[in-house]
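Take a look at the structure set out below.
The values are calculated or read from the model by the stated rules, or taken from the named source; none is laboratory data. Keep in mind it's a predicted model, so treat the numbers as computed, not measured. Note that we place each Cβ from the backbone using ideal geometry, even for glycine, and neighbour counts take in every protein chain shown. These area figures cover heavy atoms from the full protein model, side chains too; ligands, DNA and RNA do not enter into them. Shrake-Rupley method; radii C 1.70, N 1.55, O 1.52, S 1.80 Å.
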Amino acid sequence: MELPSNVRAIYRRPTILTSLILLLTASSPFFFSCCLSIDEQGLALLSWKHSLNSSTDALSSWKPSDPDPCKWFGVACNSKLQVISLSITSVDLQGSLPSNLQPLKSLKTLVLSATNITGPIPREFGDYRELAIVDLSRNQITGEIPAEVCKLSKLESLVLNSNSLQGAIPADIGNLSSLTYLTLYDNFLSSEIPASIGKLQKLEVFRSGGNQNLKGSLPPEIGNCSNLVMLGLAETGISGKLPSTIGLLQRLQTIAIYTAMISGTIPEEIGNCTELTSLYLYQNSLSGPIPSKLGKLENLQSMLLWQNSLVGSIPPELGRCKQLVLADLSMNLLTGSIPRSIGNLTNLQQLQLSTNQLSGLIPQEISSCAALTDLEVDNNELSGEIQIDFTKLENLTLFYAWQNRLTGSIPASLAQCRNLQSVDLSYNNLTGPIPKELFGLQNLTKLLLLWNELSGFVPPDIGNCTNLFRLRLNGNRLAGTMPAEIGYLKSLNFLDMSNNLLIGPIPTAISGCESLEFLDLHSNALTGVLPESLPKSLQFIDVSDNRLSGPLSAAIVSLPELTKLIAGRNQFSGGIPAELGSCSKLQLLDVGDNSFSGRIPGELGQLPALEISLNLSCNHLSGDIPAQLSALEKLGCLDISHNELSGSLDVLAALQNLVTLNVSFNAFSGELPDTPFFRKLPLSDLEGNHGLFIANGPARQEPSSRAAISALKLAMSVLISVSALLLLTAVYVLVRSRAAPRRHADDTWEITLYQKLDFSVDDVVRGLTSANVIGTGSSGVVYKVGTPSGDTLAVKKMWSSDESGAFRNEIAALSSIRHRNIVRLLGWGANRSTKLLFYNYLPNGSLSGFLHRSGKAQVEWETRYEIMIGLAHAIAYLHHDCVPAILHGDVKAMNVLLGPRFEPYLGDFGLARVLTGGDTAQKLESKACPRIAGSYGYIAPGINLAHLFSPERIMNKMSSVQNSYGVVLLEVLTGRHPLDPSLPGGMHLVQWAREHLQSKRDPVELLDARLRGRPDHQTQEIQQALAIASLCVGARAEDRPTMNDVAALLKEIRRPANEEHKESAAVSAAAASPVRNVDLVGSSNCSFAMSDYSS
């Protein structure tokens, strides 16, 4: 073999180096073949390999001794040994993209997906002129998309999703004339979509969702992309009107522009998109009517237009969309009647028309929709009797018509729907008895008939409904006794029969309801004593306002899970049992207005969770306040008024968290504690204690007539002075109001803070600029705002002033709970046009960014494990420790925020509902309630598209929350988004993982490349976590473990040697309300009767 000239030159010079090379040549005949045989393509690839920091051996086959790289891992060549493809996925390469592949002159495919690539896209990519496919998805690539990429005239597919790309979409993107597939979603792209995109006449898929800073309107030039099949711009800042040119896209099958900011009317030209199957425009600001031309879409299967401002009537032409499976028009301003043509939709499975202003009858023609599974017409103004022929709706599983004006009786034919799982007809004017046939439905889990005018007795047939989970009959005229057969309901979790005319005792058989957590029987005429045995699972008991008598049952004091006991306004007697001190989770105790006597047991001071209220008023209690009560440092409300208590109040000075206190009408004496709280205490809360006196004042009340006259004179002087001052003030205000222009109500802010913060609302409003935007949610945009005191807040501004439902949801949920893995609501502010929520700022963004977009993400298994077990504890707390339970509604990686040490915080409660087991009648906001729709990819893949957006299906036994958590856990373990387009066959992440495991393949192949190669004990833990994820996403809802079980399973997988003894989550189910919101009067000021929408 002839040596190259440079090598021959070395041989001619007899140097030490020459001698060394000759020696190596003689001793190793392969020396020169190893160094010099590889071609220039291989040299370029080897050069890139050496720049990587990977510890994996995936590239071990890349050897310089090979003549060419054609047999190397990830490399493919043509017959001329020219490299045409470099494809590596799910390998931890840890490095930057190659900028030296110019020698690969025939390279057509470059796929480096999920390879932990960092840094920018090199401008040299513009030199790879033969490229047809580029996939750099699911890495940590930063910087802008270089304009040089637009020189690749042969490029057909550009996949850059799930990175940290910034800047604008290149203005010259239209130069990629061969492009058919463009996915840019889940990045940090900004600016507007360039008009040049209209030049891409071959483009079939355009997905740029998840780029929250992508602004501006959809350019009308999009209508020139005549081959477009998929248009995805969800969860962006896209605004303005949809262009009418969208009607030119006659091959378009999917429009997904949801949770954005588009406004104006829906262009009627969409009716020309005759191939359209999916129309997703929900959670925008669309207005105007629903175009009647949508009736031309004969292939339409899913139409999701909920949470907009659409007006007018539902066009009857929609009855022509014979393929329609799901129609969700809820949460709009629609009026008129439900069109009878709906009955033509024989394939319709879900019809969701909730929260509009629809009137008239529920059309009988709906009976013809034989495939119907979910019918939701709640929160409207529908009237008349329910005339649906339910015998034709054999597939019906859910019927919600609550909050309307329906009259007549409950149709007995409803019992013919043998698959029925959930019924809610609450808040209507229904009359007559409850059909006993309903209790023969074996699949029925939720029956909600509250606040109607139902009468008659609760039939003993109730015992046949063995799967019943939630039963609410409160607010009716039901009479008679509680049937003993109720004890057969082993699955019953929530029972509310309050505000009826029930008589007789509480049946002892109720102890058979072994799953019961919530029991509300208040405001009836029940008599007798409490049962000697109650379900151990009880967390909430309200038997107030009845005629119950005798002592508090021993069953009460032996309930380990009890958090709230409300037994006021009865005829209980005897002493308050000291054994109540063993109810360690008790947060609220109300036994006021009874006939209890004796001393206050000191054991009540041993209740560590007692922080909401202690009401012992209107009894016959005597003696001193026990010193042990000073340990109740978290107590917010204490009422011991109208008793016969004596001694001093010094014990109460230690209760630093008190919001209200009433000690009136007792026999207390001595000096009032000199604390800020007592100094501000109204005299009405102290009156009737003749021995009390204020510090530095008289030691006792002066009985002499002279003192009384002096006091009277002083009072009269003060009264006259105050009256004069008020009169002058009124005159001044009147003159000022006429002389000056009236100030707009918009300028008046209502502010509530849940802890001491030093800032003004003007400080916050000044920080609400586009430069400070750090994220968006289902109901608003989040800003990072600094205050003059140096604090940093996360401020959520609701999308519009109409977002009262989500706004009140977050306040109702987060102001009343505390958990170390749930975001902390610091307060809120609102005026007529703006609604703000104040949170602690969390610097590390979301779990989604941590996994998919953060260039500096920690990838250690320890970090991921702590995130997932913390999230499990948070959800378990909401489900099992809060009474009533709270359903988050949208558990996904984007809603898990990370603190300074990557500790997880579950956030975005805009879609949350307070409910035990889940029923629509208990939404946090009764009228403008947000729909719990979940998010694509986090809902069980076994449910067809028509089921994805049914909140009630999702909430059924909370099983979908477990599924959503399982999807997040899979996302953490695999590093893949649930809807990762690179998965084979377009599979969902769950389906892909399930098929992989069912085929007995190596579970390690599923894992994120950054989790592979770990020590054996960590690999074992990761695989066990994968098994837990598989349980959570099980195909059968009833097989999924509860969140308490999930948290326990995750805790068990840690090796004992690695266990860290951590403090258990310090949680409180309710926090004290701000003082200014408390309006409490007399002895009933701490009676916490549950409102209809708090449960």
If we take segment 567-623, then strands (runs of 3 or more DSSP E) inside it with 1 or more residues that are among the small types (Gly, Ala, Ser) and touching a residue at least 12 places away in the same chain (Cβ under 8 Å) are 571-575, 595-598, 613-615, 620-623
In the set Lys490, Lys392, Lys446, the lone residue that is over 24 Å from Ala525 (Cβ atoms), touching a residue at least 40 places away in the same chain (Cβ under 8 Å) and not hydroxyl-bearing (Ser, Thr, Tyr) is Lys446
Flagged pairs (Cβ under 6 angstrom, 6 or more apart or on separate chains; first in segment 79-106, on the phi > 0 side of the Ramachandran plot; second charged (D, E, K, R) and at pLDDT below 95) are Leu81/Asp68
Quick count over segment 425-434, residues being buried (at least 23 other Cβ atoms within 10 Å of the Cβ) and β-branched (Val, Ile, Thr), is 1
Scan segment 313-320 and tell me whether some residue there is out of contact with any Pro (no Cβ under 8 Å at 6 or more places or on another chain), more than 30 Å from Ser770 (Cα to Cα), open to solvent by less than 10 Å² (accessible area, probe 1.4 Å) and not in a strand (DSSP E or B).
no
Got at least one residue in segment 600-613 being among the hydrophobic types (A, V, I, L, M, F, W, C) and in contact with a His (Cβ under 8 Å, 6 or more places away or on another chain)? no
Here the residues within segment 76-102 that are open to solvent by less than 30 Å² (accessible area, probe 1.4 Å), within 20 Å of Asn139 (Cα to Cα) and not in a loop (DSSP other than H, G, I, E, B) are Ser85, Leu86, Ile88, Gly95
Residue hits (segment 435-490; of a type in the set (Val, Ile, Thr), surrounded by 21 or more Cβ atoms within 10 Å (Cβ to Cβ) and within 20 Å of Ile506 (Cβ to Cβ)) are Val458, Ile462, Ile486
Answer yes or no as to whether His880 is open to solvent by less than 10 Å² (accessible area, probe 1.4 Å), assigned by the TED database to the domain that holds Glu903 and at pLDDT below 85.
-> no
Of (1) assigned to a helix (DSSP H, G or I); (2) farther than 26 Å from Arg251 by Cα, Lys293 satisfies every one except (2)
Out of (1) closer than 25 Å to Thr109 by Cβ; (2) within 35 Å of the chain's Cα centre (by Cα); (3) open to solvent by 10 Å² or more (accessible area, probe 1.4 Å); (4) not aromatic (Phe, Trp, Tyr), the one Ser208 does not meet is (3)
Scanning segment 416-447 for residues that are over 12 Å from Arg470 (Cβ atoms) and among the basic types (Lys, Arg) gives Arg418, Lys436
Expected single match for in contact with a strand residue (DSSP E or B) (Cβ under 7 Å, 6 or more places away or on another chain) and open to solvent by 10 Å² or more (accessible area, probe 1.4 Å) among Gly623, Gly592 is Gly623
Check segment 653-662 and report whether any residue there is buried (at least 23 other Cβ atoms within 10 Å of the Cβ) and not aliphatic (A, V, I, L, M).
yes
With criteria (1) of a type outside the set (Asp, Glu); (2) at positive phi; (3) crowded, with 16+ Cβ neighbours inside 10 Å, Ile612 comes up short on (2)
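State all residues of segment 103-136 that are open to solvent by 40 Å² or more (accessible area, probe 1.4 Å) and under 17 Å from Asn187 (Cα atoms); if no residue qualifies, say none.
Within segment 103-136, Thr118, Pro120 qualify.
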Within segment 528-535, is there a residue that is among the small types (Gly, Ala, Ser), in contact with a strand residue (DSSP E or B) (Cβ under 9 Å, 6 or more places away or on another chain) and within 25 Å of Leu586 (Cβ to Cβ)?
yes
Given the conditions (1) buried (at least 17 other Cβ atoms within 10 Å of the Cβ); (2) in a strand (DSSP E or B), every one holds for Leu218 apart from (2)
Note on segment 330-343: residues surrounded by fewer than 18 Cβ atoms within 10 Å (Cβ to Cβ) and on the phi > 0 side of the Ramachandran plot are Gly336
Selection from segment 344-361 of residues in contact with a Gly (Cβ under 9 Å, 6 or more places away or on another chain) and either open to solvent by 10 Å² or more (accessible area, probe 1.4 Å) or β-branched (Val, Ile, Thr) (or both) yields Asn344, Thr355, Gln357, Ser359, Gly360, Leu361
Determine if segment 528-536 includes at least one residue that is assigned to a loop (DSSP other than H, G, I, E, B), modelled with pLDDT under 95 and among the polar types (S, T, N, Q). yes
Within segment 1012-1053, of all residues that are assigned to a loop (DSSP other than H, G, I, E, B) and buried (at least 16 other Cβ atoms within 10 Å of the Cβ), the one farthest from the chain's Cα centre (by Cα) is Arg1014
Out of (1) modelled with pLDDT under 80; (2) assigned to a loop (DSSP other than H, G, I, E, B); (3) open to solvent by 20 Å² or more (accessible area, probe 1.4 Å), the one Asp980 does not meet is (3)
Of the residues in segment 78-104, those that are under 14 Å from Glu40 (Cβ atoms) and in contact with an Asp or Glu (Cβ under 7 Å, 6 or more places away or on another chain) number 3
